[in-house]
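Q: Please read through the structure below; I'll follow up with questions.
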Amino acid sequence: MPRIEREAHVVWEGSPARGGGTITAGSGAFDALPYSLAARIGAPDGKTSPEELLAAAHGGCLTMSIASELTQAGAPPARLAVTCRIVMDEVEGQGHQIVASHVTISGDDVPEDVLERADSGCPFSSLLRRAGVEVTLTRA
């Protein structure tokens, strides 16, 4: 696989408490997604957060990895649905940190060995684990 590089463009205006910003995909897939500290720590009110974007990235990566492993095993998926919940919490002496990524898989039956290979092959799962984040995979 070739080297992959992607980017996002972020604009922020104002103080953390009262300001806000937008996040735009370099690919054009999404444009000016609003985000703010209030949406990050309280009710989202239609705005996103870095944690939500990380949940989407981890969930998307793992879903593609599962589909790839199933296809290589001769059973391409008809449908997979994955929900990823990122947890940020206060860690003593370190401030707020990403502490967990809880992934729930539903849809086609995914054998345990396939799920393990898919998880091992997902760069986001690897990145999170290397950072000391708890990654859990559950079947719905």
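Q: Mind checking which residues of the range 101-113 are more than 11 Å from the chain's Cα centre (by Cα) and either exposed (fewer than 15 other Cβ atoms within 10 Å of the Cβ) or of a type in the set (Gly, Ala, Ser) (or both)?
A: Ser106, Gly107, Asp109, Pro111, Glu112, Asp113, listed by residue number.
Q: Further, regarding this structure: Could you identify the single residue in Ala67, Ala57, Ala75 that is under 27 Å from His102 (Cβ atoms), in the same structural domain as Gly107 (by TED's automatic domain parsing) and assigned to a loop (DSSP other than H, G, I, E, B)?
A: Step by step, each of Ala67, Ala57, Ala75 is checked, and only Ala75 is under 27 Å from His102 (Cβ atoms), in the same structural domain as Gly107 (by TED's automatic domain parsing) and assigned to a loop (DSSP other than H, G, I, E, B).
Q: State yes or no: is Glu116 of a type in the set (Asp, Glu), more than 13 Å from the chain's Cα centre (by Cα) and closer than 13 Å to Ser65 by Cβ?
A: Against the criterion (of a type in the set (Asp, Glu), more than 13 Å from the chain's Cα centre (by Cα) and closer than 13 Å to Ser65 by Cβ), Glu116 qualifies.
Q: Check every one of the strands (runs of 3 or more DSSP E) wholly within the range 80-140 and list those with 3 or more residues that are under 14 Å from Leu54 (Cα atoms).
A: Output list reads 80-91, 95-107.
Q: Still on this structure: Pick out the one residue from Ala39, Ala55 that is out of contact with any Pro (no Cβ under 7 Å at 6 or more places or on another chain), surrounded by 14 or more Cβ atoms within 10 Å (Cβ to Cβ) and over 30 Å from Arg139 (Cβ atoms).
A: Being out of contact with any Pro (no Cβ under 7 Å at 6 or more places or on another chain), surrounded by 14 or more Cβ atoms within 10 Å (Cβ to Cβ) and over 30 Å from Arg139 (Cβ atoms) holds for just one of Ala39, Ala55, which is Ala39.
The values are calculated or read from the model by the stated rules, or taken from the named source; none is laboratory data. Since this is a predicted model, take the numbers as computed values, not measurements. Every residue, glycine as well, gets a Cβ built from its backbone with ideal geometry; the counts of neighbours run over all protein chains shown.
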